[in-house]
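Peer 1: If you scroll down you'll find the structure; I have some questions about it.
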Amino acid sequence: MERVDSRYRMGALALILFALVPLPAAAGALYVYEFSNASESGYGGVGLAARANDAGTVFTNPAGMTRFDDSAMLAGGIGVVIDAGFTTSSENTASGKSGYVNKRLLPAGSFAYLRQLNDKWWAGVSVQNYFGLSVDWPDDWVGRRSSVNVAVMAPQVQPTLSYKVNDWLSVGAGAALTLGYFSDKLRQGALTPGYPDGKVRISDTDTAVQGNFGIMLQPWEHTRIGLRYLTETDLDFKDSPNVSWKDPIGQLLPGTDKKLDLGITMPQTVSLGVHHRYDEKLNLLGSVGWDEISKFGHVQVNIDDNGRPGTTVDADFRDTWHFGVGAEYQWRPDLQLTAGIAYDTSMSTERTRPLAIPLGSLYRYAIGFKQKRGDGLTIGGGFTWLYEGNLPVENRPGIDGRVYGKYSNASLYFFSLYAAWD
């Protein structure tokens, strides 16, 4: 493959800043395939660990870098729109309104660059925001005492190395330097009639390193198998809640006058992908994955400034599984079409589902395109519809009552445009 043309580099490097912006990633799963790199929204995560057909493999499977003869680069923009409405049922006793998540296009981006060092070693770097969730609700919605805005994000910069063992086996590893961000806003009911709710806000950042390990096998000429493992990583957030009042006799919630220590785990995950060349025009893709989301549900909490041991809050989340099938079709010599259908199991049930975040089974339907433009340049884009459906929420206690209801037709829409050079 040709060396990356230097005249394209300056524009692409500017997109690194996009990827470092803490993006409210998504409601649903915590690892969001579409944010691993900008080309991923054309596949819905299908075959992620095995494709290695652009520089995004630096993150999706470091071992895939050995498929490139010289150097390659990928840069692109990503956007997501969250569409979720919550309706209370007749059993609801809490005050407030039904309503929709505040809709807006949330931008982000990704960047990846790799180059061959010699006939055995490759090096690369990637920037992405793969982990997170966020939902923003109106201030008067029925669940405002639980949360009106919650966000957990972890943008990363990952240097990577890979080694070609022989013609059919490669291995790779990366160290993702992670900036974790946590923010939660909620309302506290005023004790004086006629006054608005008080506002409580908690936010902090922390740094961590997450290991990324990959294996790429090519047992047959037209088939390759990729395996990627992300290590478990802990983020420790600390903050004294910021409380604002217009109520002259307003009182703080218990513990809000002390520093909060909140430990969150980015769970380990395993992804297995297969890429098979069926004929000159058609490639078939498949994938299976596992995320230990139950570890994310074990949150270490301490609200004591005296150093006493904290407690572990168990959200009773379940580990999740991913299954997907997809294809790449060479429509014309310069134009390839991509598609993927995937299913991820739910991390929560009706009983354990958080009120502020729609967490259910994930159904992905993705399409995309790649068009070669000459001088090693490829322009591409993708669209993924992530559908969660109707999600009931049962008996979530609040200060002024209990919340019963359901999310209706919860969906996320991902869009991307990108440029790749090789």
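Peer 1: If R₀ is 51 angstrom, what is the calculated FRET efficiency for the pair residue 140 and residue 213, using the beta carbon separation as r and rounding to 0.05?
Peer 2: Numbers: r = 47 Å, r/R0 = 0.92.
That pair, residue 140 with residue 213, gives E of 0.60.
Peer 1: Of the cross-linked pairs 185/238; 185/259; 281/370, which ones have a Cα-Cα span greater than 22 Å in the structure shown? Let's see the in-between values first.
Peer 2: Numbers: 185/238 15 Å; 185/259 16 Å; 281/370 14 Å.
From the list (185/238; 185/259; 281/370), the Cα-Cα distance tops 22 Å for no pair.
Peer 1: So, by mean Cβ neighbours within 10 angstrom, what's the order for 177-183, 161-167 with the highest one leading? If you can, show how the numbers build up before the last one.
Peer 2: Numbers: 177-183: 20.1, 161-167: 15.6.
Packing order, densest peptide first, comes out as 177-183, 161-167.
Peer 1: Follow-up question, since we're still on this one. Among 171, 403, 288, 101, which comes first, then next, by fewest other beta-carbon atoms within 10 Å? Present the calculation step by step, with values, prior to reporting the outcome.
Peer 2: Details: 171 17, 403 26, 288 14, 101 23.
Fewest-to-most ranking of 171, 403, 288, 101: 288, 171, 101, 403.
Peer 1: Give, to the nearest whole percent, the P(r) tail of segment 313-365 beyond 14 angstrom, counting all Cα pairs.
Peer 2: In whole percent, the long-distance tail amounts to 63.
Peer 1: In angstroms, what radius of gyration and Dmax does segment 342-422 have, counting Cα atoms only?
Peer 2: 19.1, 64
Here, each number is a calculation from the coordinates, and none is a lab measurement. As the structure is a prediction and not an experimental result, all values here were calculated from the model. No Cβ is skipped: glycine too gets one built from the backbone with ideal geometry, and neighbour counts run over all protein chains shown.
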